[in-house]
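Heads up: the structure comes next, in structure tokens.
The values are calculated or read from the model by the stated rules, or taken from the named source; none is laboratory data. Quick caveat, the model's predicted, so the values are computed rather than measured. Cβ placement follows ideal geometry from the backbone for every residue including glycine, while neighbour counts extend to all protein chains displayed. Remember, those area values only see protein heavy atoms, side chains included, never the ligands or the DNA or RNA. Shrake-Rupley method; radii C 1.70, N 1.55, O 1.52, S 1.80 Å.
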Amino acid sequence: MWIKTAGLLAGLSLIVMMVDAAGDIASATLKGLSDVPATDTGDGSGLWGTVDYPVRAFLADQAAHLAVAPAALYAFWQLAGLLGLIGGFFGNDGARIAWTLWGLASLAMIWSAAPAGGRAAATGLAALMWALASAFALRGLTLRPIVHNHPPQFMPQFNPELHLHATLPAPAPAGDDFDDDNVHPLQR
């Protein structure tokens with residue numbers, strides 16, 4: 001009994017240490033992202049700049065209202081997209097949902113921050129790039145319903161049968177044809 005208790009305490013201690021270490025790693029990563037120096041956002045020229053510049057401009061505009069540097073916000077945005085792409089490739093459903101939401105949010109940012117004259121073209125180009133990358137992120141995903149042609153094993157079988165339970169009166173003993181005491185008074 002004491003061996004099981006000691007093993008349980010050791011396991012719980014190991015879990016607590018792992019959670020503490022994971023918290024420290026996450027804190028250091030977020031601190032590192034917030035200390036990212038500002039980079040040149042470019043002028044939005046070129047194929048990649050047509051898609052990337054509106055996202056940077058949108059995040060820089062939004063970061064003005066937050067206590068985070070625009071470069072850190074952009075780096076976190078890239079990290080979220082990369083994790084969604086890689087996790088989706090390996091079949092993680094949560095990562096596939098994150099990838100889909102990341103792409104839709106990117107399209108919305110591009111639509112709102114792109115110049116009015118090229119808004120539709122920039123958003124369309126971004127949608128095509130996202131669709132090409134989605135071929136990898138959503139690999140193996142099927143929208144066909146799964147059809148089971150056999151009943152599940154856990155369902156109880158129902159057999160409709162009619163069972164009547166009736167009691168029959170006991171037969172009268174031999175030689176006792178008529179009993180005057182058992183006759184109803186109206187039948188006399």
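A few notes on this one:
Results for (1) modelled with pLDDT of 65 or more; (2) among the small types (Gly, Ala, Ser), shown as yes or no for each residue.
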{"position": "16", "(1), (2)": "yes, no"}
{"position": "20", "(1), (2)": "yes, no"}
{"position": "23", "(1), (2)": "yes, yes"}
{"position": "26", "(1), (2)": "yes, yes"}
{"position": "36", "(1), (2)": "no, no"}
{"position": "48", "(1), (2)": "yes, no"}
{"position": "56", "(1), (2)": "yes, no"}
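- Residue, least open to solvent (accessible area, probe 1.4 Å), within region 129-144, restricted to residues that are in contact (Cβ under 8 Å) with a residue 12 or more places away in the chain and not aliphatic (A, V, I, L, M): 134
- Close pairs from region 85-109: first over 14 Å from residue 134 (Cβ atoms), partner in a helix (DSSP H, G or I), Cβ under 6 Å, at least 6 apart: 109/55; 109/58
- Residue among 122, 95, 113, 108 that is closer than 19 Å to residue 78 by Cβ, within 26 Å of the chain's Cα centre (by Cα) and open to solvent by less than 40 Å² (accessible area, probe 1.4 Å): 95
- Within region 59-76, residues that are free of Cβ contacts under 8 Å to residues at least 12 places away in the same chain have Cβ atoms under 7 Å from residues that are in a helix (DSSP H, G or I) in these pairs: 63/70; 63/73, counting only partners at least 6 apart in sequence or on another chain.
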